[in-house]
Amino acid sequence: MKKIFDVIKHNPLLSGIGYSEFEQIFNCVNAKVKTYDKGDTILLSGDQIKYVGLILSGGVKVIKDDVDGDVSILTELAVSDIFGEVFACAGVDHSPVTVEASEKCEILFIDYKKIITSCSSVCGFHARLIENMLGIIAKKNLMLNEKIEILSKRTTRDKLLAFFDAKRGVASKFTIPYNREEMARYLCVDRSAMSNELCKMRDDGLLKFNKNEFELLM
């Protein structure tokens, strides 16, 4: 139990909650831990959404298939990140996305309804959990707006520049969590066209890159 808490104690969902309270939470919200190998499906599009997932080790990617069978990566999540909370909060019965293990991982699942519904013991941490969950959802909304802004760009170069600008923050050098195929899916562009554009941007003196390490020169 202590090991699990040490991994996820900095997750916004547990803000203001200590270990002794976490022990109560673990039992109160039907928490359970499952292990997945790389490539395993954690949540399949169309599955019922009953739990929020907290990543204890490894990483996952959230993907979506369109009507033509093309796959887009919506986001990639790492240790202590959370998934499923937005759909659960919105009352979406069936998942519109698939969550897949990008490497071997352990996931802590928490019954969402147990979070937002006071238990018979009237645990004092429930109000804090609800407040924390609202903050998480608000931040996810900002991230979604960021991606919409990136995808609204008309050219592949403009999409790349907007994407890099969002990922780098204030630093000129940064690392992205995607390979070329995954980045193309995230940006909803053709991989070959994107690779060609990256080379043109390098030749134009806009950036340097080596695999998934980039440096903007502008």
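Read-outs throughout are calculated quantities, based only on the coordinates presented, and are distinct from any laboratory measurement. No experiment lies behind these values; they were computed from the predicted model shown. Glycine also receives a Cβ, built like all others from the backbone with ideal geometry; neighbour counts cover every protein chain displayed.
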Given a cut-off of under 8 Å on Cα pairs at least six residues apart, what relative contact order in percent is computed for the chain? 21 percent
Simple Cβ-charge dipole of the stretch 128-169, Lys/Arg +1 and Asp/Glu -1, about Cα centre, in debye nearest 20: 160 debye
Give, rounded to the nearest 20 debye, the magnitude of the charge dipole that the stretch 2-149 has about its Cα centre when Lys and Arg contribute +1 at Cβ and Asp and Glu contribute -1 at Cβ. 640 debye
Calculate the radius of gyration of the Cα atoms of the chain to one decimal place, then report Dmax, the largest Cα-Cα distance, as a whole number, both in Å. 19.3, 65
Among Ser15, Ser72, which comes first, second and so on when ranked by fewest other beta-carbon atoms within 10 Å? Ser15, Ser72
From the residues Ser80, Pro96, Thr155, which one has its Cα farthest along the dipole of the chain in the positive direction, the dipole being from +1 and -1 charges on Cβ of Lys/Arg and Asp/Glu about the Cα centre? Ser80
Which of rounded, prolate, oblate describes the stretch 153-216, given a ≥ b ≥ c as roots of the alpha-carbon gyration tensor eigenvalues and a/c under 1.5 marking rounded, otherwise prolate only if a/b is larger than b/c? rounded
On a straight-distance basis, which lysines could pair with Lys38 in a cross-link, Cα separation under 17 angstrom, same-chain partners fewer than 8 positions away excluded? Lys61, Lys104
Structure-based [θ]222 nm, the chain - -39500 (n - 2.57) summed over DSSP H runs of at least 4, per residue, nearest 500: -12000 deg cm²/dmol
